[in-house]
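Here's the structure we're looking at; comments come further down.
The values are calculated or read from the model by the stated rules, or taken from the named source; none is laboratory data. Predicted model, so just to flag it, every value in this text is computed and none were measured. No Cβ is skipped: glycine too gets one built from the backbone with ideal geometry, and neighbour counts run over all protein chains shown.
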Amino acid sequence: MRTVATARLPPAVDPRSILERVAPGLALAVSCGFAGAGCCVAPPSAKDLFAVGFRSPDQTFSTFQTAVRADDLALERRCLSADFVSRERLSELGWRVFWEQMQKEHPFLRKGIADARPESHPDVRGGRARMRVGSHGREVEIQLVREDFAEAWSGTEKVADETAPFGERTGVQPGDAGSRWFYGRLPLPAGADPARITELRVGREWKIDGFLFVEAGKSASVPGGKEDKVTPDRDALP
């Protein structure tokens with residue numbers, strides 16, 4: 001099953017050390033830039049809630065802002081990449097403890113994130129992207145990665161869930177009169193009845209993979225510190 005890693009945090013983790021390790025850009029912005037803003041954060045509108053999604057880097061960051069404004073810890077964590085969550089040991093409990101503690105120590109954190117606005121269009125390179133956002137005189141680079149997924153549902157029950165590459169689970173076949181058929185597929189678990197499948201979802205989502213503080217007049221490094229590889233074109237289904 002495709003899932004966000006749930007490794008447990010060590011019992012004596014200091015939430016401040018997590019922020020310094022996970023999001024140095026946000027840590028510096030919290031301490032230097034947000035103190036002049038009021039701490040009142042308006043809840044998200046119905047329009048914001050309906051716009052939640054991960055189809056583009058912009059939408060993912062907007063979703064993270066909506067989650068912060070709504071105080072929705074589960075949605076906040078969903079905005080993070082699986083690798084981010086795994087390498088930083090951000091279990092559901094760990095994220096909750098960390099986030100609640102940070103808000104106590106930095107009352108302007110939610111305000112700073114909620115008020116952030118993109119400074120430029122996202123720079124997308126293959127399966128990675130970066131975008132700059134500004135808030136109250138500070139700039140932070142948001143680093144994102146594209147994650148592929150495939151799901152099969154039977155009503156409200158998720159029957160199959162995997163992280164197989166998009167190109168391996170999709171394809172194109174020629175049809176009549178120059179038309180083409182686009183396919184999606186995934187293996188079902190043993191014993192699953194195909195007749196019960198009501199929905200098949202195959203797609204790509206952008207998730208936040210890191211934060212980097214941007215000093216005025218300087219450029220931030222490329223995500224991952226190297227050129228990104230472009231995903232090959234998908235193969236046709238046999």
Fill in the blank from the handout: Note on the range 77-136: residues assigned to a helix (DSSP H, G or I) and of a type in the set (A, V, I, L, M, F, W, C) are A82, F84, V85, L93, W95, V97, F98, W99, M102, L109, I113, A114
Exercise for the section: Test T163 against the stated conditions and say whether it is out of contact with any Asp or Glu (no Cβ under 8 Å at 6 or more places or on another chain) and more than 22 Å from V68 (Cβ to Cβ). Expected result: no
Problem - Condition broken by A152, with the remaining ones in (1) crowded, with 22+ Cβ neighbours inside 10 Å; (2) touching an Asp or Glu at 6+ places or on another chain (Cβ under 8 Å); (3) closer than 18 Å to T63 by Cβ satisfied - result: (3)
Exercise for the section: Within the range 110-120, track down each residue that is surrounded by 15 or more Cβ atoms within 10 Å (Cβ to Cβ) and under 19 Å from the mean Cα position of the chain (by Cα). Expected result: R110, G112, I113, A114, D115, A116, P118
Exercise for the section: For residues that are modelled with pLDDT under 90 and polar (S, T, N, Q), scanning just the range 48-98, find the one that is nearest to the chain's Cα centre (by Cα). Expected result: S86
